[in-house]
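Contents: one structure, followed by commentary.
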Amino acid sequence: MPLSSPDAALLPALCDVVRMVAATEVMPRYLKVAHQRKSDGSLFTAADLAAQAALVERLQALCPVPVVAEEMSREEQAGHWLEGEQGLWCIDPIDGTSNFVNGVPYFAVSVALMRLGRPVLGVVHDPVAGETFYAAAGGGAFLDGEPLPIKGFVPQLRNAMAGADLKRVPKALASAIVDRPPFGSLRSFGAGTLEWCYVAAGRMDVYLHGGQKLWDYAAGSLILAEAGGSMAGLHGDDFWAAPLWQRGVVAALDQGLFEQWRGWVAAHLPEGRKQHRT
């Protein structure tokens, strides 16, 4: 694990914190906890709240900067984001809460340390599989000590395994993916933080999401970038120029495959919403 900067030196302890909170606050409540719905219709549980509280306490002991977390109010999130330009923890205590509630073993705890609006550390832990993906800016990406990616990529889009969430993509694009898919196989697992990592690992070849929250992409985008992957916004080349709280993404591990995928997506966006080269 490269330790080339003061931030990177926090990475082993950060991995330990995330694993510990998953073990003590998340997994003991798996299949045992009631759930409620937030105003936007999404689920949350006592496990989300307990994990978030534990993470906030332990992360601020590592680095005392503001925290943006999924289970905070929008006002708190926006305020802490503005306060945290020089340093900010970004937390998703349980990504894939619907899976967690329904007993589907695909969810994760995700944490990123951000500076100047970009992630510099990222950790995504899958407590069911016992896998921890992590990266430090400029230091590479890893899965439990093994450099990412862990498998090769396919050279042609028609043979690719795609990860795509179609809920927030334009209707014309979603219809084209369903009716005329350009890839070999499609998966949508319901936990975006892990899907980023699966692309970084080479388990999925291309990725599409119509709009993610900050905590959905903060850690995963760094892990993919450090694994050598490429990403763009859904409606523009610069992923980081897309709206902060609803950021679409087109991504792939291999640059050539990324160009094929981005070109196909752009061709199927409605007029006026095409991707543009910058």
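Here are the numbers:
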| quantity | calculated |
| --- | --- |
| The listed residue being aromatic (Phe, Trp, Tyr), in contact (Cβ under 8 Å) with a residue 12 or more places away in the chain and closer than 15 Å to Asp95 by Cα, out of Tyr207, Tyr217 | Tyr217 |
| Top-ranked residue of region 72-92 - restricted to ones that are out of contact with any strand residue (DSSP E or B) (no Cβ under 6 Å at 6 or more places or on another chain) and under 22 Å from Cys15 (Cα atoms), ranked as most open to solvent (accessible area, probe 1.4 Å) | Gln86 |
| Which numbered condition Gly202 fails, given (1) surrounded by 18 or more Cβ atoms within 10 Å (Cβ to Cβ); (2) within 21 Å of Gln77 (Cα to Cα) | (2) |
| Region 150-164 - residue that is surrounded by fewer than 18 Cβ atoms within 10 Å (Cβ to Cβ) and without any contact (Cβ under 8 Å) to a residue 60 or more places away in the chain and, of those, farthest from Gly263 (Cα to Cα) | Ile150 |
| Arg180 vs. criteria open to solvent by 40 Å² or more (accessible area, probe 1.4 Å) and under 21 Å from Lys151 (Cα atoms) | no |
| Selected residue (criterion: surrounded by the most Cβ atoms within 10 Å (Cβ to Cβ)) from residues of region 54-64 that are more than 18 Å from Met27 (Cβ to Cβ) and out of contact with any Gly (no Cβ under 7 Å at 6 or more places or on another chain) | Leu59 |
| Near pairs, Cβ below 8 angstrom, 6+ apart or cross-chain, from region 257-271 (under 13 Å from Phe183 (Cα atoms) and free of Cβ contacts under 8 Å to residues at least 60 places away in the same chain) to any residue that is among the polar types (S, T, N, Q) and surrounded by 14 or more Cβ atoms within 10 Å (Cβ to Cβ) | Phe258/Ser230; Arg262/Gln275 |
| Checklist (1) closer than 20 Å to Leu11 by Cα; (2) touching a Lys or Arg at 6+ places or on another chain (Cβ under 7 Å) applied to Asp144, failing item | (2) |
| Residues being in contact with a helix residue (DSSP H, G or I) (Cβ under 6 Å, 6 or more places away or on another chain) and farther than 30 Å from Gln246 by Cβ - total across region 140-172 | 1 |
| Extreme residue, modelled with the highest pLDDT, among residues of region 35-53 that are over 16 Å from Asn99 (Cβ atoms) and open to solvent by 40 Å² or more (accessible area, probe 1.4 Å) | Ala53 |
| Members of region 167-176 that are touching a residue at least 24 places away in the same chain (Cβ under 8 Å), within 18 Å of Glu195 (Cβ to Cβ) and open to solvent by less than 50 Å² (accessible area, probe 1.4 Å) | Val169, Leu173 |
| Residue match in region 254-268 (condition: closer than 20 Å to Phe133 by Cα, buried (at least 18 other Cβ atoms within 10 Å of the Cβ) and within 16 Å of the chain's Cα centre (by Cα)) | no |
| Hits in region 225-243 - residues which are open to solvent by 10 Å² or more (accessible area, probe 1.4 Å) and closer than 19 Å to Cys90 by Cβ | Ala225, Glu226, Met231, Trp240, Ala241, Ala242, Pro243 |
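Here's the yes/no breakdown for (1) β-branched (Val, Ile, Thr); (2) touching a strand residue (DSSP E or B) at 6+ places or on another chain (Cβ under 9 Å); (3) closer than 21 Å to Met72 by Cβ; (4) open to solvent by 30 Å² or more (accessible area, probe 1.4 Å):
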{"position": "Cys197", "(1), (2), (3), (4)": "no, yes, no, no"}
{"position": "Leu214", "(1), (2), (3), (4)": "no, yes, yes, no"}
{"position": "Ile223", "(1), (2), (3), (4)": "yes, yes, no, no"}
{"position": "Trp245", "(1), (2), (3), (4)": "no, yes, yes, yes"}
{"position": "Gly248", "(1), (2), (3), (4)": "no, yes, no, no"}
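Per-residue answers, yes or no, for (1) touching a Gly at 6+ places or on another chain (Cβ under 7 Å); (2) touching a residue at least 60 places away in the same chain (Cβ under 8 Å); (3) at negative phi:
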{"site": "Glu75", "(1), (2), (3)": "no, no, yes"}
{"site": "Ile94", "(1), (2), (3)": "no, yes, yes"}
{"site": "Ser98", "(1), (2), (3)": "yes, yes, yes"}
{"site": "Tyr106", "(1), (2), (3)": "yes, yes, yes"}
{"site": "Val111", "(1), (2), (3)": "no, yes, yes"}
{"site": "Gly117", "(1), (2), (3)": "no, yes, no"}
{"site": "His125", "(1), (2), (3)": "no, yes, yes"}
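The values are calculated or read from the model by the stated rules, or taken from the named source; none is laboratory data. Just so we're clear, the structure is a prediction, and the values are computed from it rather than from any experiment. Don't worry about glycine lacking a Cβ; one is built from the backbone with ideal geometry, like all the others, and counts go over all protein chains shown. Surface accessibility is based on the protein's heavy atoms, side chains included, excluding ligands, DNA and RNA. Shrake-Rupley method; radii C 1.70, N 1.55, O 1.52, S 1.80 Å.
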